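Chemist: The structure that follows is given in the form of structure tokens.
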Amino acid sequence: MNLVKKVENKFGDIFNINSAKDTREAIGGLAFVAPAVILLAVFIIFPAIMSFYYSLTDFYILTPDKTSFVGLDNYKYLFSEEIFYQALKNTIYFVLVVVPVQVGAALLLAVLINSKRIKGVKFFRTIFYSPVVLSMVVVSILWAILYNPNDGLLNSLLVALGLPKQPFLSSPKQAMNSIIAMSVWQGVGYQMVIFLAGLQDIPESLYEAAEIDGANIWQKFRHITLPGLYNVTVFVLLVTSIAAFGIFVQPYVMTQGGPDGATKTLIMMFFEEGFQLREIGTSSAIVVIYFVMVLTVSILQRKFAKDKQDSVI
């Protein structure tokens, strides 16, 4: 008991807590938080620190004992390689197209199925969300078959409509756009559900008052729906952007980064350098660059959202 008392007194002195009861509550709170903090440190903070350290070395996984410090050589190597710029360009292009298209489509679907007047609305909600629960690998294989330039379903439909066949995944100009179309189809249901939850939190009385004042559908959407979904939209944009930067499965399964590197992304290049070539130093440098990009975009989005909200207020 004396030891417990001493610990409580020492803890209270450190955190400037006078009451013994408050001290016990603080210790209990830290005890509950400790497992999450430990997991965060072991699986996120420590690996992040080690990734940055390895990015400054020539660590080769088969000869770890010969590892030496090389400074910024890995970064210089990456920025001197054309394939790195190609992967960077493809990743940024994917993010710039997928994020607005997917978020816009999700918002549109959420507005459409939010109405209780539509018959079978639960059926449509299920249909729109169902691709999200499917494995991305399975979806990628399925769409690769649909995109088959010879006897794929999409080309069969084009021929039936009197239109020429398209190369889709076998064309450097169409491959990334084809993957974008599939990604939007697969992921739009997730954002739709989040928007739908946000829509149902907007008081119906606001729409009724606007309707009495003679507001049309567009005016109600612009002045009630969009402001009411502000925080939800910021969250959806942030989550979708982070997921888009990490694109890997679709191009890896459907095109293996081709044709001619048209669908190679940063995460694909990281996989090739780290798991195929076993160049841990170079792959760690790619991860650090990826992290800086995602962090920068996240900060800019949050700052823009805060400034926008302050200007509205």
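Read-outs: derived from the displayed coordinates by stated rules, not from any lab. What you see is a predicted model; the values in this text were computed from it and never measured. Cβ atoms come from the backbone with ideal geometry, glycine included; neighbour counts cover every protein chain shown.
Chemist: Under the rule of -39500 (n - 2.57) per DSSP H run of 4 or more residues, summed and divided by the residues of the chain, what mean residue ellipticity at 222 nm is obtained, to the nearest 500 deg cm²/dmol?
Modeler: Helices in the chain give a 222 nm mean residue ellipticity of -22000 deg cm²/dmol.
Chemist: Which residue fluctuates the most in the chain, going by a Gaussian network model with Cα springs under 10 Å, if the choices are 76, 264, 89?
Modeler: Maximum among the listed residues: 76.
Chemist: Between 298, 140, 115, where does the largest GNM mean-square fluctuation fall for the chain, given springs only between Cα atoms within less than 10 Å?
Modeler: Ranking 298, 140, 115 by mean-square fluctuation puts 115 first.
Chemist: Between residue 69 and residue 156, what is the label-to-label distance in nm when each label sits 7 Å out along the Cα-to-Cβ direction?
Modeler: 6.3
Chemist: Something else now. Can you tell me which of 206-213, 143-150 comes out highest on packing, and rank the rest after it, using the mean Cβ neighbours within 10 Å?
Modeler: Result, highest mean first: 143-150, 206-213.
Chemist: GNM, the chain, Cα, under 10 Å: largest mean-square fluctuation among 249, 159, 95?
Modeler: Fluctuation is largest for 159.
Chemist: Would you tally the net charge around residue 219, using a Cβ to Cβ cut-off of less than 15 Å, leaving residue 219 out, and scoring K and R as +1, D and E as -1? Each step should come with its number before you reach the end.
Modeler: Details: positive: 220, 222; negative: 208, 211, 213.
Every neighbour counted, the sum reads -1.
Chemist: Say R0 is 41 Å: what FRET efficiency, to the nearest 0.05, do residue 53 and residue 145 get from their beta-carbon distance?
Modeler: The calculated FRET efficiency here is 0.40.
Chemist: Looking at the calculated P(r) for the chain, what percent of the C-alpha pair distances fall above 26 Å?
Modeler: Details: 31183 of 48828 pairs.
Distances greater than 26 Å cover 64 percent of the Cα pairs.
Chemist: For the pair residue 173 and residue 45, what calculated FRET efficiency results from E = 1/(1 + (r/R0)^6), where r is the Cβ-Cβ distance and R0 = 41 Å, to the nearest 0.05?
Modeler: 0.45
Chemist: Cα centroid distance between region 239-264 and region 97-154, in Å?
Modeler: For region 239-264 versus region 97-154, the Cα centre distance is 19 Å.
Chemist: Where in region 184-199 does the label zone of residue 163 land, with the point 7 angstrom along Cα→C-beta and an amide N cut-off under 11 Å?
Modeler: none
Chemist: Follow-up question, since we're still on this one. Of 119/173; 66/89; 119/220; 89/303; 122/220, which sit over 32 Å apart, Cα to Cα?
Modeler: Values: 119/173 41 Å; 66/89 34 Å; 119/220 23 Å; 89/303 24 Å; 122/220 24 Å.
Beyond 32 Å: 119/173; 66/89.
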